[in-house]
Amino acid sequence: MASLKEKFMTKIGPMRERVQKLNKEFGNVVVDDVNIGQIIGGMRDIRSMFWVISDLDPQEGIRFRGYTIPDLQAKLPKAPGGSEPMPEGIFYFLLTGELPTYDDCVSVTEEWRKRSALPAHLIKTMEAVPTDTHPMTQFAMAILALQRDSKFTAKYRAGMSKGDYWDPMFEDVMDLLAKLPEIAARIYRRAYKGGHYIAPDPKLDWAANQAHMLGLDKPEFYDLMRLYLVIHSDHEGGNVSAHTCHLVGSALSDAYYSMSAAMDGLAGPLHGLANQEVLRWIMDVMKDLGGVPTKEQLHKYLWDTLKSGKVIPGYGHAVLRKTDPRYVAQREFALKHLPNYDMFRVVSDIYEVAPKILIEQGKAKNPWPNVDAHSGVLLYYYGITEYDIYTVFFGVSRAMGILAQLIWSRALGLAIERPKSVLIEWLEEQAKKAPAPAK
Ligand code: CMX
């Protein structure tokens, strides 16, 4: 059986050829127009990034190398006794484009286990941070602290040809992914469990080990972790965390710099932090309204949230225009394992009430829930009630997608990113030249 690295190597040549041919022969083909609204409005929908591993359709949601989430739930290998796909499988699949066998997944688990030990300098750094520092700050700092050991940076400094960049990048990515679950668990146990750490169990797969090190050894929770870590792994390239990783990496910054920066973006409340905001907001709802609210009470509460100038967390999306399939996958998990849980009932009731209100308000282009509307309630049910940690798990998962792409970006020799910014005078000049808008 070929190792993941050997398998990946066989994919590089053909892909390089496709990209080079396109660039050389069709580099001048125009594929998109850009208007002033897009330039001012966050570059929305401009097709200007090349991403190998996933694609987001506004109506259908994410496809990982052509496969939907239900496809992957059916096709990716499961751990013994588990019913959700192993994250090792999605990483293998994103990187190579080939569905792995169970043995392929086990070899990734084993590879990550071998690389998982946290160096003493990292532990020292992590122990020096005040425990009330937000977990995402601690997460980004821990990743950055590992940069000292980057193989890519060491090789670059020693002198390396461009065609070989992908190799030490692959090594850094594997080293980093191997360590993320223990880093996340240490942040959690230090902040909320008195610093009583739980050692990894070498017999467990990557996601089950994440659950184990958090202190939650329950097969059902192992499965939730597997599902969670698979579905958050990638959402094409333009979202803040993915784009940040790609942008920083394009300067040939190594995987640690790129990933740490990406986590700073994921920590924003309009992006990954929305998962903790959802939980915080639901708890406020239940506290203010004395338990599970009626739909009428929810209706008023949602309007009050909007009228106070806040967003409804977990709703809306820059690209999606329907219910996020990642929300649906989590809802199905909840229906199977915790159908009568009060907080899940609230989440379900919000799903019935919020879209109508957002449509009535008429601002949000997408009134439907995104991934973050559901993830917190599942973690809370199994005992992770300290919601400030939630975005860290999102980060552990997101690492697989954006770092798989980072390896590809170096394998394909993608250029440093440098879009052209423009001044208001230039925009006004363009506006003057345009035909008068129809009345
Ligand atoms: N509640 C209230 N207003 C919302 C809204 C929501 N959930 N979603 C969008 N809007 C508002 C926007 O704030 C914007 O208002 P202004 O015109 O006053 O600026 C207007 O509707 C138009 O926004 P849009 O084009 O529909 O959405 P954007 O692409 O600008 O933003 C997003 C997308 C996700 C930031 C936005 O929907 C939002 O703030 N949602 C709540 C936060 C959230 O759940 N984020 C997580 C997204 C998933 C992820 O990345 O993890």
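The numbers here are math on the coordinates, done by the rules we state, and not lab data. Here the structure is a predicted model, which means the values were calculated and not measured. Please note: Cβ atoms are built from the backbone with ideal geometry, for glycine as well, and neighbour counts cover all protein chains shown.
For M160 and A74 in the same chain, what is the full-extension length gain: residue separation times 0.36 nm, less their Cα-Cα distance, in nm?
Answer, rounded to one decimal: 26.8 nm.
Cut-off 11 Å, label point 7 angstrom out along Cα-to-Cβ of M43: give me the residues of the stretch 237-271 whose amide nitrogen falls inside.
238-240, 243-248
Among M283, G316, Q330, which residue has its Cα furthest toward the positive end of the charge dipole of the stretch 274-381, with +1 on Lys/Arg Cβ and -1 on Asp/Glu Cβ?
Sorting the options by dipole projection puts first G316.
Please work out the Cα convex hull volume for the stretch 48-108 and give it in Å³ per residue.
Expressed per residue, the convex hull around the Cα atoms of the stretch 48-108 is 77 Å³.
Explain nothing, just the number: relative contact order of the chain, from Cα pairs under 8 Å at least 6 residues apart, as a whole percent.
21 percent
So for the chain, taking the charge dipole from beta-carbon charges (+1 Lys/Arg, -1 Asp/Glu), which of S409, I123, P181 sits furthest toward the positive end?
Working it through, the farthest residue towards the positive pole turns out to be S409.
Can you give the calculated 222 nm mean residue ellipticity of the chain, where each DSSP H run of n ≥ 4 adds -39,500 (n - 2.57) and the sum is split over every residue, rounded to the nearest 500 deg cm²/dmol?
Using -39500 (n - 2.57) per qualifying helix, the result is -19000 deg cm²/dmol.
Kirkwood-based Rg over Rh for the stretch 358-419 (C-alpha set), two decimals?
So for the stretch 358-419, dividing Rg by the Kirkwood Rh gives 1.17.
When the Karplus curve 6.51 cos²θ - 1.76 cosθ + 1.60 is applied with θ = phi - 60°, which whole-Hz ³J(HN,Hα) does each residue of the stretch 229-236 get, with x for Gly and Pro?
6, 6, 6, 8, 5, 7, 8, 6
Limiting things to C-alpha atoms, what are the Rg and the maximum Cα-Cα separation (Dmax) for the stretch 274-381, in angstroms?
Expressed in Å, the Cα Rg and Dmax of the stretch 274-381 come to 12.8, 36.
Could you pull the Cα extents of the chain along its three principal axes, largest to smallest, in whole Å?
Principal axes ranked by extent give 66, 65, 43 Å for the Cα atoms.
Post the alpha-carbon centroid distance, the stretch 255-316 to the stretch 1-76, in whole angstrom.
Spelled out, the Cα-based centre of one part sits 30 Å from the other.
Using R₀ = 45 Å, calculate the FRET efficiency as 1/(1 + (r/R₀)^6) where r is the Cβ-Cβ separation of R148 and V422; round to 0.05.
Computed FRET efficiency for R148 and V422: 0.70.
Testing the spin-label approximation: label points 7 Å from Cα along Cα→Cβ at D201 and H337. State their distance in nm.
Inter-label distance under the simple model: 1.5 nm.
To the nearest 20 Debye, how big is the dipole of the stretch 274-381 about its Cα centre, given +1 on the beta carbon of each Lys and Arg and -1 on that of each Asp and Glu?
The dipole of the stretch 274-381 has a size of about 300 debye.
Treat every Asp and Glu Cβ in the chain as -1 and every Lys and Arg Cβ as +1, leave all other atoms uncharged, and give the resulting dipole magnitude about the Cα centre to the nearest 20 debye.
Its charge dipole is roughly 540 debye.
Mind checking the stretch 92-152 for GluC sites (Glu not before Pro) that DSSP puts in a loop (not H, G, I, E or B) and that have at most 11 other Cβ atoms within 10 Å?
Filter output for the stretch 92-152: empty list.
So what is the relative contact order for the stretch 274-381, in percent, with contacts set as C-alpha pairs under 8 Å and at least six apart?
43 percent
From the residues P58, L229, T244, which one has its Cα farthest along the dipole of the chain in the positive direction, the dipole being from +1 and -1 charges on Cβ of Lys/Arg and Asp/Glu about the Cα centre?
Among P58, L229, T244, the one farthest towards the positive end of the dipole of the chain is T244.
For A438, put the label point 7 Å out on the Cα→Cβ axis and report which residues of the stretch 15-52 keep their amide N under 19 Å from it.
Counting backbone N atoms under 19 Å from the label point, the list is 35-37.
When each pair of different Cα atoms in the stretch 132-236 is counted once in the 1/r mean, what is the Kirkwood radius in angstroms, to one decimal?
Evaluated on the stretch 132-236, it is 15.6 Å.
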